[in-house]
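The values are calculated or read from the model by the stated rules, or taken from the named source; none is laboratory data. Not measured: the values here are computed from a predicted model. Neighbour counts run over all protein chains shown; Cβ positions are idealised from the backbone, glycine included.
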Amino acid sequence: MAWLSLEFRVSGADVEVLSDALFAVGALSVDVTDADQGSQEERAIYLEPGEDILLSWGRNSVVGLFDRQSYSDQILSALATAVHPLKLPEPVEYRIDDQDWVRLTQQQFEPIQITQRLQISPSWSAVKDGSDVNIILDPGLAFGTGSHPTTQLCLEWLEHHITTGKTVIDYGCGSGILAIAAKKFGAGDVVAVDIDEDAIQSTCYNAKRNKTAVEVISAIENVNIKVDIVVANILPSPLTVLAPLLAQLVKPGGQIVLSGILVDQGSDLMSLYGQWFEMSTYKVMDEWVCLQGNKLGS
Ligand SMILES: C[S@@+](CC[C@H](N)C(=O)[O-])C[C@H]1O[C@@H](n2cnc3c(N)ncnc32)[C@H](O)[C@@H]1O
């Protein structure tokens, strides 16, 4: 017997009431995605910390997953009562066969060739020949598998700018991927900082697994050192708030790398960081820009 899945196409205004009703009538999970995914109308939603949470698109696919013993006619009648006075569209019904879910999930994470030299591989996958720097990283609670352009831009920058012994802070370390890469590219002391406890634990675990010495510090503590390179892949709003602190962490003549920035958000950050750095665009990938700066003064 298979799991029962019911998919409804609804407008953004109806998503919340339908999701709540699906849970109320016994859904094990509710999945909301852009119904225009894969088409010209697909729209990405990015949220800055503190912004109102927008949980829906113009047209949404809302999928409720039910226990294998469930019957759709019973669910639909309970659902009609639960969403009243909303009239539900006819759902599409699927049965989902049981599978080896762990293997299926793992298959989504293939090794990623970031540059000719650098490869990120999950632990269950064989390392492909041809890369001299390999990072073992499994997807987990913290951001940073290497698949996102904002991370890839920083990795590329680090590969091309780290020289032996340079000291580095990875501010907003997530999985620790940038700190680990910096160390593997020959950096000297590397410090990883994050505000999130899961990220701190992930970085400790991943650094150990990759046999790299990375000091991990909570952002709650006072980070009071100066290094040659600060790399921060966060988002424009924390990058704005953190600007004086990040600037202070870079030695005169040192460098800063800022990522997590959409192309049209770049100029404000360039002006802000221009107080302390000679700023320029490193590279653009998809709609993301990575900024770099050389610290002014001697
Ligand atoms: C987009 S992830 C980047 C992870 C990884 N460095 C990468 O490049 O893939 C951003 C990280 O910044 C952290 N972060 C957000 N605001 C922060 C703050 N004010 N101080 C320190 N870390 C912060 C988040 O917890 C998250 O782990």
(request) Kindly state which strands (runs of 3 or more DSSP E) lie completely within the stretch 38-155 and contain at least 1 residues that are within 28 Å of Val284 (Cβ to Cβ) and of a type outside the set (Phe, Trp, Tyr). (result) 118-121, 133-136
(message) Among (1) of a type outside the set (Asp, Glu); (2) within 14 Å of the ligand (Cβ to nearest atom); (3) at pLDDT below 95, there is one condition Val168 misses while meeting the rest; what is its number?
(response) (3)
(request) Within the stretch 98-122, track down each residue that is surrounded by 15 or more Cβ atoms within 10 Å (Cβ to Cβ) and modelled with pLDDT under 85. (result) Gln106, Phe109
(request) Just give me the residues in the stretch 225-235 being more than 14 Å from Met279 (Cβ to Cβ) and within 11 Å of the ligand (Cβ to nearest atom), in sequence order. (result) Val231, Asn233, Ile234, Leu235
(request) Under 6 Å between Cβ atoms, at least 6 apart or on separate chains: pull out the pairs that start in the stretch 157-184 with a residue that is over 16 Å from Gly293 (Cα atoms) and polar (S, T, N, Q) and end on any residue that is within 8 Å of the ligand (Cβ to nearest atom) and part of a loop (DSSP other than H, G, I, E, B). (result) Ser175/Ala142; Ser175/Gly144
(request) Take the residues in the stretch 209-224 that are within 13 Å of the ligand (Cβ to nearest atom) and either touching a residue at least 40 places away in the same chain (Cβ under 8 Å) or part of a loop (DSSP other than H, G, I, E, B) (or both), then tell me which one is nearest to Gly188 (Cα to Cα). (result) Val214
(message) Where the second residue is surrounded by 10 or more Cβ atoms within 10 Å (Cβ to Cβ) and basic (Lys, Arg) and the first is touching a residue at least 40 places away in the same chain (Cβ under 8 Å) and within 11 Å of Phe8 (Cβ to Cβ) and lies in the stretch 81-98, which pairs have Cβ atoms under 7 Å and are six or more apart or on separate chains?
(response) Pro89/Arg9
(request) Sort out which residues of the stretch 171-208 are surrounded by fewer than 24 Cβ atoms within 10 Å (Cβ to Cβ), within 12 Å of the ligand (Cβ to nearest atom) and in a loop (DSSP other than H, G, I, E, B), and write them in order of number. (result) Ile195, Asp196
(message) Anything in the stretch 156-170 that is of a type in the set (Asp, Glu) and in a helix (DSSP H, G or I)? List them, or say none.
(response) Glu156, Glu159
(message) Take Val263 and tell me if it is among the β-branched types (Val, Ile, Thr), surrounded by fewer than 18 Cβ atoms within 10 Å (Cβ to Cβ) and free of Cβ contacts under 8 Å to residues at least 24 places away in the same chain.
(response) no
(message) Looking only at residues that are out of contact with any Phe, Trp or Tyr (no Cβ under 6 Å at 6 or more places or on another chain) and among the hydroxyl-bearing types (Ser, Thr, Tyr) in the stretch 138-170, which one is surrounded by the most Cβ atoms within 10 Å (Cβ to Cβ)?
(response) Thr151
(request) Scan the stretch 233-248 and report the pairs whose first residue is without any contact (Cβ under 8 Å) to a residue 40 or more places away in the chain and whose second residue is among the aromatic types (Phe, Trp, Tyr) and surrounded by fewer than 18 Cβ atoms within 10 Å (Cβ to Cβ), with Cβ atoms within less than 7 Å and a gap of 6+ or a chain change. (result) none
(request) Kindly indicate whether Leu137 is at pLDDT 90 or above and within 16 Å of the ligand (Cβ to nearest atom). (result) yes
